[in-house]
Amino acid sequence: MHEDLKLVNTKFRSAKIGKLKIVWSRELPAAPSSVTVIKDSAHRYFLSFVVEIQPETLPQTDNSVGIDLGIKTFATFSDGTKVDAPKPLKKRINKLRKLSKSLSHKTKGSKRYEKARVRVAKFHAKLKDTRTDFLHKLSTEIIRENQTIVLEDLNVSGMVKNRKLSRAISDLGWRTFRTFLEGKAEKYGRDFRVINRWEPTSQTCSSCGFKGGKLDLQVREWECLNCGSKHDRDENAAINILVAPWAFGDKKAHRTRAAERRKGTRSKKRTWRQV
Ligand SMILES: [Zn+2]
């Protein structure tokens, strides 16, 4: 490490910024070779270390999962598991309104303005931490448990243009989730695939491959007109997402793989604790 930087357990010192007390997010696996100091708009300092480590491996598994992302339920897996995301902004929207209002009443450039600005920035930083923590835990669990992970490519930027949806979607962090899955899959040697969002994953019956036509967003459950199977909208989509890289355009393969997936279906609902 650079000479004018000192790192001792809970304290960090550099010539430029002086002393910092450290709160470790996790233990360093080895002695760092370098450190980068980042200051965010909420005046928080982050230390990022470069550490050399042995590549990690996970035990091989035959499990695979298709993941359908949504607004109401954050993620539905092809085995029927549903995961709700924390929605930190929804809960604290009034607090944000109050902070923003207070900021708008201050004169730009004044000390009071700066104080109010930092309060708003701190508020946003906390929301971000809650979301990131959730996305990290969930993506790690998915990568740990599955060899193959298939996700539908979502037109996030197109959806965020719809103002009504935009707040809900930004609060969810789909894009970050995809980035986390991608990175961890590469790190641990898992097979991560993204399928085209134009595949009719919601409209296709995962039991027989029949295409039922567009479903209104309100329709959460439906029955296939061809084979009579009853479907949970998101679970059916997740099964189709899982088999899509191999099967769309090949009905028989689709049916076989989808049927395999359906056998192992269990239903459980998990709600992630707010942190
Ligand atoms: Zn059917």
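General remarks:
Residue-by-condition table, conditions (1) within 30 Å of R92 (Cα to Cα); (2) more than 14 Å from the ligand (Cβ to nearest atom); (3) in a helix (DSSP H, G or I); (4) at pLDDT 85 or above:
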site	(1), (2), (3), (4)
G158	yes, yes, yes, no
D171	yes, yes, yes, no
T176	yes, yes, yes, yes
A238	no, yes, yes, yes
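- Qualifying residue in region 212-222 (condition: aromatic (F, W, Y), modelled with pLDDT of 70 or more, in contact with a helix residue (DSSP H, G or I) (Cβ under 8 Å, 6 or more places away or on another chain) and farther than 27 Å from Q147 by Cβ): yes
- Of the residues making up region 134-146, those that are crowded, with 17+ Cβ neighbours inside 10 Å and not small (G, A, S) are F134, L135, L138, I142, I143, N146.
- Scanning region 202-236 for residues being part of a loop (DSSP other than H, G, I, E, B), under 19 Å from F74 (Cα atoms) and away from the ligand (no atom under 14 Å from the Cβ) gives a total of 5.
- Taken over region 16-51, the criterion of being within 16 Å of A125 (Cβ to Cβ) and of a type in the set (D, E) is satisfied by D40 alone.
- Meets criteria (touching a Pro at 6+ places or on another chain (Cβ under 7 Å), at pLDDT below 95 and surrounded by 14 or more Cβ atoms within 10 Å (Cβ to Cβ)) for L127: yes
The values are calculated or read from the model by the stated rules, or taken from the named source; none is laboratory data. Only a predicted model underlies this, so the values are computations on that prediction, with no experimental measurement involved. Please note: Cβ atoms are built from the backbone with ideal geometry, for glycine as well, and neighbour counts cover all protein chains shown.
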